[in-house]
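*Asks:* Before I ask anything, here is the structure I am working with.
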Amino acid sequence: MKDRLLLLGYAVAVLAATSIHDPLWLIVGLLLAFAAAGREAPTIGWRALRAVLVFNLVISVGYAASALFGQTVSVDYLILVNLRVFLLIFLTFTLAARVDFLRAVNFSRPLTYLTTLVLSQIITFRRLFEDLRLAGESRRLRRLRLRESYLQSAAAAVHLFDRAEHDAREIALAMRARGFFRPDAGNDARGD
């Protein structure tokens, strides 16, 4: 029940953060989020900052550059957007650290199924991505040229997509074998 309440609180906080257009209230929301994160607040804050830094920098520089083309630029708007994005990412990371998603969605069979598939894919892809990265580093003596790097990335992406499709089928079949799907519902786990 705690996980469900935290997920509901997160949804309300996200709605509030996206509907508020006053930077002062977003700062208050951020302070409340830091208080809710407790001792993990500095760690989560650093992770959130690293996650949004490039995105916010590109958006902010692009928006500021529009002034070169005669458009009006509002510093208040830049502050608002950057605060909002950081608050949303901080809330998301705090939720991920505190909530067991399978318990939070166990009221709905389809949501439990979807969450199981997503979490298993995340775990698999995290490991697979790290394996591909280490394999790439161990097989080269010099830094790859840009073209070679693109080719290696494309091959890795194809492998990841193939693996995702295969694993989703296997997980769905395993869940069906364990009685997850009702026989009368006509669900086809294979999606064929």
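*Asks:* Would you mind classifying the stretch 1-91 by shape? Square roots of the alpha carbon gyration tensor eigenvalues, ordered a ≥ b ≥ c; an a/c under 1.5 is rounded, otherwise it is prolate if a/b is larger than b/c and oblate if not. Mind showing how you got there, number by number?
*Replies:* Details: a/c = 2.70, a/b = 1.94, b/c = 1.39.
Prolate.
*Asks:* Listing MET175, MET1 from the residue with the fewest other Cβ atoms within 10 Å to the one with the most, what is the order? Walk me through the intermediate numbers first.
*Replies:* Working: MET175 18, MET1 7.
Least to most surrounded, the residues fall as MET1, MET175.
*Asks:* For a label point 7 Å from the Cα of ALA41 along Cα→C-beta, name the residues of the stretch 10-29 whose backbone N is under 15 Å from it.
*Replies:* Under 15 Å, as judged by backbone N against the label point of ALA41, lie 27-29 of the stretch 10-29.
*Asks:* Which of rounded, prolate, oblate describes the stretch 108-185, given a ≥ b ≥ c as roots of the alpha-carbon gyration tensor eigenvalues and a/c under 1.5 marking rounded, otherwise prolate only if a/b is larger than b/c? Please report the intermediate quantities before stating the final value.
*Replies:* Numbers: a/c = 3.82, a/b = 3.34, b/c = 1.14.
Prolate.
*Asks:* For the chain, what does the alpha-carbon gyration tensor say about shape, rounded, prolate or oblate, given a ≥ b ≥ c as the root eigenvalues, a/c under 1.5 as rounded, and a/b over b/c as prolate?
*Replies:* Here the chain falls in the oblate category.
*Asks:* Which of ARG4, ARG147 comes first, and how do the rest follow, when ranked by fewest Cβ neighbours within 10 Å? All intermediate terms of the calculation are to be shown ahead of the outcome.
*Replies:* Details: ARG4 14, ARG147 8.
Least to most surrounded, the residues fall as ARG147, ARG4.
Where a number appears in this text, it was derived from the coordinates with a stated rule and is not lab data. In this text the structure is predicted, and so the values were computed from the model without any measurement. All Cβ positions, glycine included, derive from the backbone under ideal geometry; neighbour counts span all protein chains shown.
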